[in-house]
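Below is one structure; the comments refer to it alone.
The values are calculated or read from the model by the stated rules, or taken from the named source; none is laboratory data. Worth saying up front: this structure is predicted, and the values here are computed from it rather than measured. Neighbour counts run over all protein chains shown; Cβ positions are idealised from the backbone, glycine included.
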Amino acid sequence: MIISILAFDTHTKSPIVILKEIDGERTLPIWIGVLEANAIVSKLRGIKTLRPMTHDLLTNIIELIGIKVEKVEICDLRDNTYYALIYLSDGGTKITIDARPSDALALSLRVDAPIFVADEVIEKAKRIELETGPEDTSERRRKWKEILEKLDPKDFGNT
């Protein structure tokens, strides 16, 4: 997947990152914190800071000790909370680290690691929307359409 859109959800007053399949139509919206959104958007826009941000520091450490980020994966959705894993290797040893999706995404941008989402996560996200009922689903679709129509891609840097 790729980061398709990073926007501000006016309904929840939270940043939202929308992942989209590279060779498909499925998308996954994930609401994230303001600081995490800043880490993602700064990399998307190529903004350089005077001092390293946390994700830049982590990237520097990973590169210095010779570890490679193989991929990041949004691996679970439980109680409306997404979970992610960062897959690392040092050539022979493979390590998996639990992470917040926003941190995994910010790191993946910095090290050019692919982003994956488990199929069951997308299915769980769809079921949550269906469980809200038909009225809520159509209202939610209307709100999404309205939000997406108002977005200007140049506001989000390179996507």
The residue from Tyr87, Tyr82 that alone is modelled with pLDDT of 90 or more, closer than 26 Å to Ser14 by Cβ and hydroxyl-bearing (Ser, Thr, Tyr) is Tyr82
Identity of the residue in segment 35-79, of a type in the set (Asp, Glu), in contact (Cβ under 8 Å) with a residue 12 or more places away in the chain and not in a helix (DSSP H, G or I), that ends up surrounded by the most Cβ atoms within 10 Å (Cβ to Cβ): Glu73
Confirm whether Val17 is crowded, with 16+ Cβ neighbours inside 10 Å, at pLDDT 90 or above and more than 20 Å from Ile128 (Cβ to Cβ). no
Among the numbered criteria (1) part of a strand (DSSP E or B); (2) exposed (fewer than 13 other Cβ atoms within 10 Å of the Cβ), which single criterion is violated by Leu88? (2)
